[in-house]
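A quick write-up on the structure given underneath.
Rule-based calculations on the coordinates, nothing more; no lab input. Source: prediction; values computed, not measured. Don't worry about glycine lacking a Cβ; one is built from the backbone with ideal geometry, like all the others, and counts go over all protein chains shown.
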Amino acid sequence: MKVTTIGIDLAKDVFGLHGVDGEGRVAFEKRLVRSRLLEFLAKLPPCLVGLEACASAHYRARKIEQLGHRVKLMSPRFVKPYCKNDKNDAKCLIYLLSVDTPIVTSVMGWGLSN
């Protein structure tokens, strides 16, 4: 099963990952410690990765992009309404990536602006 989209719920120490294939079927659900995240993502083929924007999200997004993945960031205030029944933000991020919404933004590097 080829993973095409990953939602990552960033936290202090343990990150929640939810991956789906091109047809929307669940490929994996994992919890990884901070030190293992990039190692795990490096083993996957390039795919779309969704992150909930927070203080460290841009840093993590740039690191993930260096591995060949395409990263999109979403504001937490837009992610929370989709998590009413399911507290897993990673699953909500997958849904938001699947629909074309203006709340999804690309990652900006240092000194860049929209």
Peptides ranked, highest mean first, by Cβ atoms within 10 Å: ranges 57-66, 26-35, 5-14:
5-14, 57-66, 26-35
Which whole-Hz ³J(HN,Hα) couplings does the range 29-39 yield from phi under the Karplus relation 6.51 cos²θ - 1.76 cosθ + 1.60, θ = phi - 60°, glycine and proline marked x?
9, 9, 10, 10, 6, 3, 5, 9, 4, 5, 4
